[in-house]
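Contents: one structure, followed by commentary.
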């Protein structure tokens with residue numbers, strides 16, 4: 001049982017030592033609302049203000065409030081109930097002397113003493129609860145009760161309630177003091193709640209930012225959806241979670257990830273958008289929060305344990321791509337803060353999902369492109385001669401290295417009749433697949449025209465006219481067309497803008513000065529021919545501009561002078577050895593620097 005109640009008419013120190021006064025003495029506060037403030041009241045209010053102003057932690061604040069109240073009222077049963085802003089019900093936020101089950105109670109406005117105080121916003125003092133019409137017997141041992149509203153800025157935030165197992169335990173001066181302090185306590189609680197709310201919002205924003213940053217780095221859809229479920233638990237303690245995405249038709253939601261009571265599972269579930277709560281979120285383009293699914297006819301009973309459900313549509317570029325579906329076994333679990341968090345997070349999740357889908361589509365296209373390019377490379381290599389022809393008076397070798405998987409250089413050796421071989425080296429503008437396709441076109445035209453065995457200059461003119469008929473934007477070809485007569489050891493050369501051949505005799509190098517416009521640029525172009533009478537030991541090299549333009553780390557080009565010197569220094573070797581020496585020298589010059597153009601070398605060594 002509680003001891004006799006103290007009176008505020010006597011001094012009380014910081015330890016709460018209150019010596020009771022005679023309640024009938026002069027100055028006792030019988031009117032709790034209009035009584036004047038006594039010096040003892042001021043002392044108490046100062047101590048209250050000091051205690052309340054030194055913390056913004058709600059739990060610490062409630063503990064201090066309980067201690068301060070105990071200094072003036074030696075209670076055994078005490079509680080502070082706060083109003084839920086969404087349901088407007090009272091819930092016990094702090095209590096002493098009650099059973100633990102009281103913390104789970106939801107008290108509607110108007111029910112019981114505290115509900116009546118919340119409804120009327122006026123304090124209530126009952127010295128015999130059995131005489132009250134609105135008393136609700138939570139504890140059958142309670143005989144008297146004192147409750148005051150906690151109002152901050154004209155808004156009810158809760159009720160402070162004290163109960164006693166003695167009849168007539170509370171006095172008017174108790175009511176007076178609690179009424180004086182209630183507004184200060186209410187404002188301190190509101191400040192602490194505001195601080196806690198701002199702190200939670202700051203933490204939430206930080207977590208949302210961390211989640212968004214992490215999600216953008218995951219480009220595989222399945223790991224992404226799993227990670228969304230894991231990260232979301234940092235914000236909301238859900239019990240069931242599902243990510244459903246719309247199928248291509250936009251008419252059915254398909255489960256892509258599901259989590260239930262600590263375990264991931266993936267049931268094959270397809271829900272038309274015309275049914276269920278998830279369908280409603282899609283149809284109505286809005287968030288759906290159902291406090292009790294048993295009372296909503298739209299609910300499809302998938303999980304019998306579910307009581308509350310929150311569905312957030314995922315928007316991306318003006319369309320819905322799916323939903324986040326959270327469920328809990330407790331009614332009314334999801335609140336407005338959850339709604340705000342999920343709405344913010346949903347936008348990031350939608351972007352991450354679309355990025356992952358786009359990445360998957362690109363990867364699929366890349367794999368298909370890689371297969372196509374591999375096939376194109378095989379076709380290109382089959383179109384190009386695998387080796388140079390063997391002739392009695394000439395030793396020839398060829399080397400071809402595309403800058404990419406497939407290249408725009410083309411070369412060929414065409415039989416022009418007994419003892420005559422056409423040596424062809426071309427370079428198509430551009431690189432990779434478009435250049436390779438154009439090179440195949442040029443090669444096909446040239447092979448077809450070679451059946452009539454035109455002279456080198458005539459062949460280039462014929463090819464130029466054919467490409468003019470098939471004119472492609474910004475596409476042209478540079479080409480060397482040389483005709484080797486093995487019987488009389490002569491070389492007739494026509495050139496349409498390609499690198500001029502380098503000719504080495506007796507250690508002296510010269511270029512074969514044949515020139516002309518690239519094929520396909522201008523109509524009605526004629527070409528010149530240069531004839532070279534070769535001698536035993538002479539060496540001629542035909543190269544594409546990828547050789548001369550090869551760069552080292554300093555940006556210097558390989559150049560024709562270096563090529564000429566190397567050719568003459570290796571002129572005694574075979575054509576294959578000369579070709580290999582050029583390749584090795586160019587590679588050494590580049591020093592690992594990336595090649596930016598195809599490299600083709602044809603060497604003719606006169607026996």
Among the residues of region 297-317, write down those that are farther than 17 Å from residue 333 by Cα and in contact with a helix residue (DSSP H, G or I) (Cβ under 9 Å, 6 or more places away or on another chain). 298, 300, 301, 302, 313, 314, 315, 316, 317
Exactly one of 461, 482, 466 is out of contact with any strand residue (DSSP E or B) (no Cβ under 8 Å at 6 or more places or on another chain) and either without any contact (Cβ under 8 Å) to a residue 60 or more places away in the chain or in a strand (DSSP E or B) (or both), and that one is 466
Look at residue 521 and say whether it is surrounded by 14 or more Cβ atoms within 10 Å (Cβ to Cβ) and modelled with pLDDT of 95 or more. no
Right, residue 137: touching a helix residue (DSSP H, G or I) at 6+ places or on another chain (Cβ under 9 Å), at pLDDT below 85 and not in a helix (DSSP H, G or I) or not? yes
For region 521-577, what are the residues that are part of a loop (DSSP other than H, G, I, E, B), touching a helix residue (DSSP H, G or I) at 6+ places or on another chain (Cβ under 7 Å) and farther than 16 Å from residue 507 by Cα? 523, 525, 526, 527, 528, 529, 550, 552, 558
Please go through region 140-171 and pick out each residue that is farther than 21 Å from residue 119 by Cα, in contact with a strand residue (DSSP E or B) (Cβ under 7 Å, 6 or more places away or on another chain) and touching a residue at least 40 places away in the same chain (Cβ under 8 Å). 142, 164, 166, 167, 168, 169, 170
Against the condition out of contact with any strand residue (DSSP E or B) (no Cβ under 7 Å at 6 or more places or on another chain) and either touching a residue at least 40 places away in the same chain (Cβ under 8 Å) or at positive phi (or both), how does residue 97 come out, does it pass? no
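Each row is one residue, and each column tells you yes or no for (1) surrounded by fewer than 22 Cβ atoms within 10 Å (Cβ to Cβ); (2) over 23 Å from residue 201 (Cβ atoms); (3) free of Cβ contacts under 8 Å to residues at least 40 places away in the same chain; (4) outside the structural domain of residue 256 (by TED's automatic domain parsing).
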site	(1), (2), (3), (4)
280	yes, yes, yes, no
285	yes, yes, yes, no
294	yes, yes, yes, no
297	yes, yes, yes, no
323	no, yes, no, no
326	no, no, no, no
332	yes, no, no, no
336	yes, no, no, no
341	yes, no, no, no
For region 196-215, check the following and say yes or no: at least one residue is crowded, with 18+ Cβ neighbours inside 10 Å and modelled with pLDDT of 85 or more. no
Please pick out the residue among 565, 516 that is surrounded by 18 or more Cβ atoms within 10 Å (Cβ to Cβ) and free of Cβ contacts under 8 Å to residues at least 60 places away in the same chain. 516
Is there a residue being buried (at least 16 other Cβ atoms within 10 Å of the Cβ), touching a helix residue (DSSP H, G or I) at 6+ places or on another chain (Cβ under 9 Å) and closer than 30 Å to residue 454 by Cβ anywhere in region 579-594? no
Would you confirm whether or not region 245-254 contains a residue that is within 18 Å of residue 308 (Cα to Cα), in contact (Cβ under 8 Å) with a residue 60 or more places away in the chain and crowded, with 18+ Cβ neighbours inside 10 Å? no
List the number of the failed condition for residue 102; all other conditions in (1) assigned to a helix (DSSP H, G or I); (2) touching a helix residue (DSSP H, G or I) at 6+ places or on another chain (Cβ under 6 Å); (3) surrounded by fewer than 20 Cβ atoms within 10 Å (Cβ to Cβ) hold. (2)
Quick test of your reading of the structure: residue 116 fulfils all but one of (1) under 16 Å from residue 188 (Cβ atoms); (2) part of a helix (DSSP H, G or I); (3) out of contact with any helix residue (DSSP H, G or I) (no Cβ under 8 Å at 6 or more places or on another chain). Name the failing condition by number. (1)
Extreme residue, surrounded by the fewest Cβ atoms within 10 Å (Cβ to Cβ), among residues of region 401-426 that are at pLDDT below 90 and not in a loop (DSSP other than H, G, I, E, B): 401
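The values are calculated or read from the model by the stated rules, or taken from the named source; none is laboratory data. Quick caveat, the model's predicted, so the values are computed rather than measured. Reconstructed Cβ throughout: ideal geometry from the backbone, glycine too, with neighbour counts over all protein chains shown.
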